[in-house]
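What follows is a set of notes on a single structure, which appears directly below.
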Amino acid sequence: MMMDLSLSLTSAWPCAATETGASASSPNGIATVHARFLRTFPISALPTNLSLFLIDDKFDLILHFVNGSIYSISRAWAWRRGIGIEEMMQPIDVERFRRDGFLAIPQLVGAATVAALADIYDAMLRGEIDCSATDNPLGMTTRQIMLPSAYHPIFRDNPALDAARDIARDLLGVADPKPVFDMLIYKEPGQLATTPWHQDYSYAQMPLTPAGTLVPSDEYVQFWVALDDVDEENGCMHFVPGAHDAPLLDHYIAGGDADYSQRLLAIRDPEAALDLTKAVACPLKAGGATVHNYGTPHFTSGNRTTARPRRAYIFNFSTRDRGA
Ligand SMILES: O=C(O)CCC(=O)C(=O)O
């Protein structure tokens, strides 16, 4: 399906298009169309099934087509910065997320975004960008840089955050999901430490949230973005579906001291506490992601490969303001 969207945009919408461009789509694929407008236009002027995010008085649009229909619009961050646009929205199965407590998103962002993020990620790992205040081993074993967004702007504004925010809107049911915190967890080849089964809400209190606490599982989501291809060999995410709505399981400190902010928490006796026969591994291509809620038990293995790094970029959205 080829479409001359530059024509239809300018003729159908009462706005001044100063730059437009269009690319082809396949019937089951995605069309990415770039348009830049100098002024806003009324929602009523839009074709049906479009949504619109306004950014100041100027905005860039990407139209996403799924099965020949427009799926959504989101902001063309990468295009504005001239590094190409490849992020693709995918239909998000909200019901499945509510049932299972997680989703795998095969492609949250494309190769250009992965490369741009990985470039800065690697500079942080090499110490070329000083993150020393929060570059500490998770549980004294695994490289973890907390709050990379404090050290480089790419982690404050990038297409992965934009695409994830769109998804978080659907999953959390709020128009403006709030970013909570971000981190990088790196497992180099041969780094055999597991990230044991845990629920993220266990970290809500120091040193850990007591067992039995009710988990506000509709208030937080965590995105785990793969910047390398990941599978069971190099430490992809695993989840136990449908175990997120119960009170918090009993955790213990598996690594680090009780007052260490980058301590590692783990579910006590996970074989008894969880039905691990139901555990689902989520292999992904680079640019894919998982999203889970704060009650969903999850785990990653160590990196048993000899040559495949595993760079994870992790960030969270909430219905609440930070610290609220
Ligand atoms: O990346 C990992 O190894 C584990 C990530 C994780 O479990 C988490 O962020 O809660």
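Just so you know, all these numbers are worked out from the coordinates, no wet-lab data involved. It should be emphasised that the depicted structure is a prediction, and the values quoted were computed from it without experimental measurement. Please note: Cβ atoms are built from the backbone with ideal geometry, for glycine as well, and neighbour counts cover all protein chains shown.
The slack between ASP245 and GLU271, meaning 0.36 nm per residue of separation minus the straight C-alpha distance, is 7.5 nm.
Compared with the direct C-alpha span, the chain from ASP257 to GLU232 gains 6.1 nm at full extension, assuming 0.36 nm per residue.
What do the square roots of 5 times the Cα gyration tensor eigenvalues come to for the stretch 94-318, in whole Å, largest first, as semi-axes of the equivalent ellipsoid? Each semi-axis is the square root of five times an eigenvalue, giving 24, 21, 18 Å. Here the stretch 193-274 has an Rg and Dmax of 13.4, 36 Å, counting Cα atoms alone. Per-residue extension of 0.36 nm, minus the Cα-Cα distance of MET206 and ALA175, leaves a gain of 8.1 nm for this segment. Normalised by the number of residues in the stretch 94-318, the average gap of Cα pairs under 8 Å and 6 or more apart makes the relative contact order 35 percent. Under the combined filter of DSSP loop state and at most 16 neighbouring Cβ atoms within 10 Å, the stretch 138-204 retains these trypsin sites (Lys or Arg not before Pro): ARG156. Give, as ranges by residue number, the residues of the stretch 283-301 whose backbone N falls under 19 Å from the point 7 Å along Cα→Cβ of ARG98. Backbone N within reach: 291-296.
Taking 18 Å as the cut-off, the amide N atoms of the stretch 202-229 that come nearer than this to a point 7 Å along the Cα-to-beta-carbon line of MET140 belong to 207-208.
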